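Undergrad: Structure provided below as C-alpha cells; questions to follow.
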Amino acid sequence: MPRGRSVRERISRIPRGLRAVPRALREDLLTVSAEPLPPAGRRPGWLEWTPALAVPVVLLALFLGFAAADDYEAVYRLGPVTALLFAGAQAGALVGALYRPVPAWWVSTVAPVLAAVLSGPVSADMMERGLADGPPMPPWTEPGFFAHAGVLFLLALRTRPRVAAEALVVSLLVGTAGAFLAPDRFPVPRLYVVAFTVPVVLGVALRGRRVARTRLAEQEERTAEERARRTLLEERNRIARELHDVVAHHMSVISIQAQVAPHLVADPSPELRENLAGIRGNAVEALTELRRVLGVLRSEDPGAEETRAPQPGLDRLDELLGTVRGAGVEVTAETTGEPRPLSPGVELSAFRIVQEALSNAMRHAPGAVVRVEIGHRPDALTVRVANTAPGREGRTVPSVPSGGQGLLGMRERAAMLGGELAAGPTPGGGWEVTAVLPADTADPADSAEDPV
C-alpha cells in the first residue's frame, strides 16, 4: 500500500509539473539579466571579458556576419540591405551574448526564422553552388549556424544549466520545425543536434567548474575569517587572564590602604572608619570575584599551571634574551632614555611583544642577527625588534615560548593600551616590529606586597 500510494502521488504531481513549465520558461527565457561574474580575483583569466575575450569574439562575429550576408543575398534571395540587416543581427547576437546572453539568444534564433520566411524561391545560384535542396542547416545559414552555436556556448557559460537546457531544446525545435514545414528547402541535417549540444554541454561544464572554484574560494575566505576571529578571541582571553593578576594586585593594595588608613589618623571619626571599612569590604569583594573569574579562565587553559606564575615585566628581559642566546641566536639589546617605573600592563605588553617578535624571528629567519631596542620617552615606551635576512637556510632553531598569536596578538596588546604597532620587511631582506606604548607611570603603592 505505501508503495502504491507513492506511485499515485508521483502521478498526481505530473499535471502540477506541466502547469509549472510555462511559468518556468517565462521566468528563465523572458529576461535580460545574466548571472553576475565572480570578482576579478576569483575567476579564470580567460573570463576577463574586456579585452581578453571580447576582441576575438568581435572579430569572429565580423567574419561570420559578412559570410552570412553573402548567403542571405545569394541563397535566400534577399536584398543587400535586408541581408546585411539579418547578418548584422546574428553577428551582434554573438557579441551581445557576452553581456546579455538570453536576449542575444532570442535574436540569434528569431532572425534566421524571419529571413527564411522572407526568402525567395530557389534560384540558379543555389543550383550552381550545390544547394538546390535549400540551406544545409535549417533555418540557419552555415555562418549563422556557427554563430548560434557560439551564442549557446556563451549562454550556457553565463546562466544556470536549466536555462541553457531550455534554450537548447527551443533551438532544436526551431530547426526541426523548419525541416517539417519545408522539407524540400530545409532537410533535417545530421550534425546540427550534436553541434548545438556540444557547446551547451561544454559551457555548462566550464560554468560548473567556475562556480565550484568560486564557492571554494568563498569557503576558504570564510574559514580564514573565522580562524582570525577565533585567534583574536583567544588572544584577548589570554590578555585578560594576564591582566587579571595586575588588577587583583591593585585591589589588594586598595584593601591594605583602607585597612591601614585609620591608624594613621590620631582620632578618626566613626564616619571615616565606616567609609574606610566600606572601601576595604568592596575591595575584598571585588578581589574575590576577580579570582573567581580568573579561576574559570585558567581552568579552560591547558597551560593553567604556568599562568599562575607572576606576570613578567621588562625586569625579566635579560632572562629572555639569555634564553634566546642559549638557542644559538645572535641577539643584541639596547636601552635608550631614562628607565622609570611603568604600569604593570605596559611592562607586561612590552615583554610579550618582545617575546613574540623574537619567537617569530627564530622561527622564520634562522641564522639571522636580531636587535632589540627599548626606548624610554617622556610620554611613551618604544619597542623595536629587527632581524636581518636569514643567514643559514634550512637550519632549525628552537623557538622560545611565545606570548600570543603572532602579529595579531601583538597588535591587540598595543591597541588595548591605546598604542600603535607596525610590522614589515626591511630593505635588507629582514623583518622589523615596532611598537609605541603610552608610558603610564606606576603608582608608588604598586610596590606594596600583595598579602593574598
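Here, each number is a calculation from the coordinates, and none is a lab measurement. Here the structure is a predicted model, which means the values were calculated and not measured. Cβ: placed from backbone, ideal geometry, glycine included. Neighbour counts: every protein chain shown.
Undergrad: At 0.36 nm per residue, and after removing the present C-alpha to C-alpha distance, how many nm does the segment from V110 to V170 gain when stretched out fully?
TA: 20.5 nm
Undergrad: Calculate the spin-label point distance for R227 paired with A205, positioning each point 7 Å from the Cα along the beta-carbon direction, and give it in nanometres.
TA: Going from the A205 label point to the R227 one covers 3.3 nm.
Undergrad: Could I ask something else about it? What is the extension gain from L60 to L407, computed as 0.36 nm multiplied by their sequence separation minus the C-alpha to C-alpha distance, in nm to one decimal? List each step's numbers first, then the result.
TA: On the way: separation 347, 0.36 × 347 = 124.92 nm, distance 5.28 nm.
So the extension gain works out to 119.6 nm.
Undergrad: Quick one: if you stick a label point 7 Å off each Cα along the C-beta vector at R215 and V247, how many nm between them?
TA: 4.5 nm
Undergrad: Right, something else. With r as the distance between the Cβ atoms of R316 and L272 and R0 = 41 Å, compute the FRET efficiency 1/(1 + (r/R0)^6) and round to 0.05.
TA: After rounding, the FRET efficiency stands at 0.50.
Undergrad: Place the peptides 345-355, 109-119 in order of packing, highest mean first, counting for every residue the other Cβ atoms within 10 Å and averaging per peptide.
TA: By packing density, highest mean first, the sequence is 345-355, 109-119.
Undergrad: What distance in nm separates the two pseudo spin-label positions at H376 and L85, each 7 Å out from Cα along the beta-carbon direction?
TA: Those two pseudo-labels are separated by 9.2 nm.
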